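Novice: Can you keep this structure in mind? I'll have questions shortly.
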Amino acid sequence: MNPLLLGPLVVALISSILALIISITDRIVNDYGEVTIDINGGKKVLTVKGGSPLLGTLAFQNIFVPSACGGRGSCGACKVRVLSDVGPHLPTELPYMNPEEVARNVRLSCQVKVKQNIAIELPEALFNVRKFKTTVERLRNVTYDIKEVYLRLSDEAIAAGGISFTPGQYAQLVVPPYGDLKESIQRAYSMSSTPQDKEHIELLIRLVPGGIATTWVHQHLKEGDTVEVVGPFGEFGVRDTDAVMVFVAGGSGMAPFKSMLNHMAQTGQWTNREIWYFFGARSKRDMFYLDEMADLAARFPNFDFIPALSEPKPEDDWTGPVGLITNVLDSYFKEKIGKDKPMEGYLCGSPGMIDACVKVMTANGIGQDKIYFDKFA
């Protein structure tokens, strides 16, 4: 044999033998057998095959913990409290934990492998989270960069009762592999539909340049396509009080408030409460649902909708408030919203917008503990 070929062949043979040894060792050493997952002090006890991450193991048992990155450890959303010893926090977990969470042994479920019996705490609301197979019934551009995605649940899901949620909650859209994306991912979007329609889920999705999920929705998704959705998740929603409600949103942050307000229109709930809804955009092309909001304001005298543009164009012929939504909000607090009643703040949008609005609200008499928000990552 040619000596020049002998070397590579020997290396290949050794590599194959090593790979076989590693595979056999992994099967022997990492065969954890069946283990149990005790959830919430025995309220649920699962018997599962050991060796996989907790996030996926729970999902296989139809318990879905929120996760936007598909278990890659890059979103920090899949937190659970682990009550048993599973070893120290990993370097991949610590960037998403504050000192209190570390002390309470809160972990990222995608980074914890189920190698032995384990006890955990989960919000019991997660027991109601399901994965739905849906069909894209309608796609509609509500602005140049926001799509209204209207999904119909499968016949099986509808026969089983459809989806149940409260206005303000969100769902995770499962994005399948496409282009350079080799594995499916999930992204969270507030539901803009109402709980009364148990057969559909509506989402408002704004195109983010370079965004994996939003690019798929805006450039690849078609009516008739099959899409998986996981939900509902989240605790954002209207509190059961008589306080004045002050809503602030921009862009696709419209979604939870559309759900809340249409729920109000369909049920009569909250119609006795004073509601102020501030919606900010750059120019008129970024505005949408103006007619729908005007119709609600005409029907319900306690509801005021205040759209504002920060940079209106001459052709917009805009006669409404002009300026940053925080400045408009501040002026209304000082001039129109009475401070003789308790108030609550409800916010949905980017972290920067929310942080700025929180400062305005607290400066105008709304306690930090009375401000609720859904912050876009």
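Novice: Sticking to Cα atoms, compute the Rg of the chain to one decimal and its Dmax as the biggest Cα-Cα distance, whole number, in Å.
Specialist: 24.9, 96
Novice: How much accessible surface does ASP340 have with a 1.4 Å probe, in Å² rounded to 10?
Specialist: About 130 Å², ignoring ligands and nucleic acids.
Novice: Rolling a 1.4 angstrom probe over the protein chains, ignoring ligands and nucleic acids, what is the accessible area of THR135 in square angstrom, nearest 10?
Specialist: 60 Å²
Novice: Along Cα→Cβ, 7 Å out, is where each label goes; now give me the distance between the ones at GLN269 and LEU94 in nm to one decimal.
Specialist: 4.4 nm
Novice: Let me ask something else about it. Using only Cα atoms, tell me the angle between helix 290-299 and the longest principal axis of the chain; keep it within 0 to 90° and round to the nearest 10.
Specialist: 60 degrees
Novice: Which residues' amide hydrogens lie under 5 Å from the amide hydrogen of GLY349, considering only partners 5 or more residues apart or on another chain, with H built in the peptide plane?
Specialist: Those qualifying (amide H under 5 Å, at least 5 residues apart or on another chain) are ASP374, PHE376.
Novice: Given the options ASN98, SER193, GLY211, identify the residue whose Cα lies farthest towards the positive end of the charge dipole of the chain (+1 on Cβ of Lys, Arg; -1 on Cβ of Asp, Glu).
Specialist: Positive-end residue among those listed: ASN98.
Novice: Could you estimate the translational diffusion coefficient of the range 69-119 from the Stokes-Einstein equation, with Rh from the Kirkwood formula over C-alpha pairs, at 10 °C and 1.306 mPa s, in whole µm²/s?
Specialist: 143 µm²/s
Novice: In whole Å, how far is the Cα centre of the range 96-125 from that of the range 170-211?
Specialist: Here the two parts' Cα centres lie 26 Å apart.
Novice: Sticking with this one: Of THR267, THR36, which has the most accessible area with a 1.4 Å probe, and how do the rest follow in descending order?
Specialist: The ranking, largest first, comes out as THR267, THR36.
Novice: To test your reading of the geometry: what angle, between 0 and 90 degrees and rounded to tens, separates the Cα axis of helix 254-267 from the longest principal axis of the chain?
Specialist: 60 degrees
Novice: How far, in nm, would the chain grow between ALA298 and ASN327 when pulled straight, counting 0.36 nm per residue and subtracting the alpha carbon separation?
Specialist: The span from ALA298 to ASN327 would gain 7.9 nm if fully extended.
Novice: Then there's this: Of the heavy-atom accessible surface of the chain (probe 1.4 angstrom), what whole percent is carbon and sulfur?
Specialist: 53 percent
Novice: Once you place label points 7 Å from the Cα toward the Cβ at ASP242 and TYR178, how far apart are they in nm?
Specialist: 5.1 nm
Novice: Which one of MET287, TRP270, PRO321 has its Cα pushed farthest toward the positive end of the charge dipole of the range 196-343, where Lys and Arg give +1 and Asp and Glu give -1 at the Cβ?
Specialist: Most positive-ward Cα: PRO321.
Novice: Order LYS334, LYS113, most accessible first, counting only protein heavy atoms with a 1.4 angstrom probe.
Specialist: The residues order as LYS334, LYS113, largest area first.
Novice: Once you have all Cα-Cα distances for the range 160-217, histogram them in 10 Å bins from zero and send the whole-percent values.
Specialist: 21, 45, 26, 8
Novice: Now, a different point. Taking 0.36 nm per intervening residue step and subtracting the Cα-Cα distance, what contour gain separates SER52 from GLU137 on full extension?
Specialist: That pair, SER52 and GLU137, stretches by 27.0 nm at full extension.
Novice: Can you give the calculated 222 nm mean residue ellipticity of the chain, where each DSSP H run of n ≥ 4 adds -39,500 (n - 2.57) and the sum is split over every residue, rounded to the nearest 500 deg cm²/dmol?
Specialist: -8000 deg cm²/dmol
The values are calculated or read from the model by the stated rules, or taken from the named source; none is laboratory data. This one's a predicted model, so the numbers in the text were calculated from it and none came from an experiment. Backbone-built Cβ (ideal geometry, glycine too); neighbour counts: all protein chains shown. Only protein heavy atoms, including side chains, enter the accessible area calculation; ligands, DNA and RNA are left aside. Shrake-Rupley method; radii C 1.70, N 1.55, O 1.52, S 1.80 Å.
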